[in-house]
């Protein structure tokens, strides 16, 4: 495999992203593949500082536009500093959230118009796009129960009203409906084993298609 690919795990908080990501990293590593784990907001030293600003619960006064532009700034740095170099080295990049989250939270939940979000996101992406978004879909109320049961505090976005989180979830489902070739929705209310099994099917399919395209390039 001479070129890497990028898979994003996204969806409701508490849907089990962290557990699935660690399992998939192990699965791919055992196949002898080089895996890079990253996250948004964050992923770089600059991005992690931006993450602290975005998710800090004590700043409820942050305007929606400030939030959007901070996400965009962090993403621009993330892509240039970390993602593109890793893909050029043939690595498989796995990110905990990426730009689908911006459309879900800032457009569908916050209500910022699509044109503005697309403009900011396009500037950040600079023509880049992940290969697949795997959405771990779970009722937000169930997700928050799981977060609370782990004894974790809520960040600024998790602490929003349930209506906000429901709109964000619907935003993911809408995006998946509009771009079925770029999204896979997994029912995260299943057992951990069933969720992982469904995710591995998607990953194996991606691996097959990339092996095929790599073979064609050498043919």
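Taking into account only those residues within the range 1-10 that are in a strand (DSSP E or B) and touching a helix residue (DSSP H, G or I) at 6+ places or on another chain (Cβ under 6 Å), which is farthest from residue 195 (Cα to Cα)? Please lay out each step first, then the result.
Here is the first cut: in the range 1-10, the residues in a strand (DSSP E or B) are 5-10.
Then keep just the ones that are touching a helix residue (DSSP H, G or I) at 6+ places or on another chain (Cβ under 6 Å); that gives 5, 9-10.
Numbers: 5: 22, 9: 12, 10: 14 Å.
So the residue we want is 5.
Of these, 153, 143, which one is surrounded by 17 or more Cβ atoms within 10 Å (Cβ to Cβ), within 20 Å of residue 39 (Cβ to Cβ) and modelled with pLDDT under 95? Spell out the reasoning first.
Numbers: 153 fails: surrounded by 17 or more Cβ atoms within 10 Å (Cβ to Cβ).
The conditions single out 143.
Within the bounds of the range 101-113, is there any residue that is under 26 Å from residue 4 (Cα atoms) and touching a strand residue (DSSP E or B) at 6+ places or on another chain (Cβ under 6 Å)? Quick ask: steps written out before the conclusion?
We begin by selecting, within the range 101-113, every residue under 26 Å from residue 4 (Cα atoms); these are 101-103.
In the following step, the residues that additionally are touching a strand residue (DSSP E or B) at 6+ places or on another chain (Cβ under 6 Å) were identified as 101.
Yes, the conditions are met somewhere in the range 101-113.
The values are calculated or read from the model by the stated rules, or taken from the named source; none is laboratory data. From a predicted model like this one, the values you see are computed outputs, not experimental measurements. Cβ atoms come from the backbone with ideal geometry, glycine included; neighbour counts cover every protein chain shown.
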